[in-house]
Amino acid sequence: MEKREFIKKASLAVLGAPFYGSALANNLSAIQDIAPEKLATRDDFWLKVRKDYNLKPDYINLENGYYNIIPTPTLEALKKNIDLVNYEGARYMRTVQWENKDRMVAKVAGVINAKPQNVILTRNTTESLNMVIKGMHWQKGDEAVYAVQDYGAMKNMFAQVSQRFETVNKIISIPNHPKSDDEIVSLYEKAITSKTKLLMVCHMINITGHILPIKKICQMAHKKGVKVMVDGAHCVGHFDFDINDLECDYYGTSLHKWLAVPLGTGLLYVADGEIDELWPLFAEESLEDGNIKRLNHTGTIPVYHDLTIEAAITYYALLGAARKEARLRYLQEYWTSRVRNHKNIVVNTPKESHRACGIANIGIKGMTPSVMAKRLLDEHKVFTVAIDNANVQGCRVTPNVFTTIDELDVFVKALIDLAQ
């Protein structure tokens, strides 16, 4: 089933019955014919969506990238799933646990248009990608390529593999404002040698929100016989894409970020032909060749978190992938456009719309990121996160669908005040 058809059917199915009295569901009829880009500017609609969230009033939350607050309908579903598993106890765990997990896998695979047999549920991106890094058949002298802007947990695993197997890590640096896709592809290409075994690349760089040209990078690497592992921690549920269009070998993401699934839920996609090439993180009994479940032995975990994937996807389908993406990009471009030309402010995120979506990073000349984040919170009640890494010095700013223009105006004024 094509991805858009999957999302449409999921949305239509839930419209047949109230979704826990959702404010979103109750206001959908009025916006069905409005183009996503136009609706993105309509704060009246998004204020109604905001009613589906229980938000702490003490500060403006612009740090939704670590963990997305889940909407009330999803939270209620989680509570019901906890009650269900607790009520049935071991009987649930010994009978329907596995078929329910398969059902959740099929649903989340549909969001990225993957086949369920290529997807497993994990706890987060770190687990997903470390499973690949640690699970490959490394030999002395093998090389891996990644960027200094990549996530620390994966870089740590590459370092551990290097110590254990005497492999070589070649580290590049991604410019915050590339001149073209070719510039980025060339950086990775120049680092590849005949000994390169794996290339890791971010779909969206977590510290800047920079979206990289994954398909072009994968095509280049594959021509040289190199596998590509993609860190998509911030992508699923953030902006729309089809996993098949990327042509990657491995893809990991955290579902508790932009898809707004409860904490401790992630996904690993492994392309056909690559499943049997990995050692599992935890040993599993022998399974037939190509069965991805050999990589998914987890022991006993809080299964109600995975079970709530269904509710999170329902809410995402109601909101609409295109509508959510358009709103997040609009919010980012709304506030960044007001400060990009300030002489004392540095925006570390590309201006071009296709190179970013909801995440951006901003710095103030002469002010360390930690001081900037502290002053934003203490003096202006705006919560962000300080980033001081490689060529990125500033605060990461991640609004959500419940963020209002009024809140961003407060943030912009705070930035200008601090930058004077």
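The values are calculated or read from the model by the stated rules, or taken from the named source; none is laboratory data. Just so it is clear, the structure is predicted and the values come from calculations on it, not from any experiment. Here the Cβ positions follow ideal geometry from the backbone for every residue, glycine too, while neighbour counts run over all protein chains shown.
List of remarks:
- Looking only at residues of region 123-140 that are basic (K, R) and surrounded by fewer than 18 Cβ atoms within 10 Å (Cβ to Cβ), we find that the one that is nearest to W279 (Cα to Cα) is K134.
- Annotation: Y20 fulfils all but one of (1) in contact with a helix residue (DSSP H, G or I) (Cβ under 7 Å, 6 or more places away or on another chain); (2) on the phi < 0 side of the Ramachandran plot; (3) at pLDDT below 95; the unmet one is (2).
- Test: residue in region 249-270 that is surrounded by 19 or more Cβ atoms within 10 Å (Cβ to Cβ), out of contact with any Pro (no Cβ under 9 Å at 6 or more places or on another chain), in the same structural domain as N124 (by TED's automatic domain parsing) and among the acidic types (D, E): yes
- Single residue of region 280-315 satisfying the filter (within 16 Å of P73 (Cβ to Cβ) and among the aliphatic types (A, V, I, L, M)) that is surrounded by the most Cβ atoms within 10 Å (Cβ to Cβ): A312
- Checking A147, A153 one by one, the residue that is more than 19 Å from N361 (Cβ to Cβ) and either free of Cβ contacts under 8 Å to residues at least 60 places away in the same chain or not assigned by TED's automatic domain parsing to the domain that holds A390 (or both) is A153 and no other.
- Among residues of region 241-255 that are at positive phi, those with a beta-carbon under 9 Å from a residue that is hydrophobic (A, V, I, L, M, F, W, C) and part of a loop (DSSP other than H, G, I, E, B) at least six positions away or on a different chain give the pairs E247/A271.
- Count of region 30-87 residues which are within 27 Å of I205 (Cα to Cα), touching a Pro at 6+ places or on another chain (Cβ under 8 Å) and among the hydrophobic types (A, V, I, L, M, F, W, C): 2
- Number of the condition not met by P399 [criteria: (1) buried (at least 22 other Cβ atoms within 10 Å of the Cβ); (2) in contact with a Pro (Cβ under 9 Å, 6 or more places away or on another chain)]: (2)
- Strands (runs of 3 or more DSSP E) wholly inside region 195-258 that include at least 1 residues being more than 18 Å from Y151 (Cα to Cα): 196-202, 227-231
- If you filter region 83-118 down to residues that are among the small types (G, A, S) and not in a helix (DSSP H, G or I), you find that the one that is nearest to V236 (Cα to Cα) is A114.
- Here G394, G363 are screened, and the one residue that is among the small types (G, A, S), in contact (Cβ under 8 Å) with a residue 12 or more places away in the chain, surrounded by 24 or more Cβ atoms within 10 Å (Cβ to Cβ) and more than 30 Å from K48 (Cβ to Cβ) is G394.
- Residue within region 236-258 that is within 15 Å of the chain's Cα centre (by Cα), more than 24 Å from S194 (Cβ to Cβ) and among the polar types (S, T, N, Q) present: yes
- Restricting attention to region 276-289, the residues that are over 20 Å from A233 (Cβ atoms) and touching a residue at least 24 places away in the same chain (Cβ under 8 Å) total 3.
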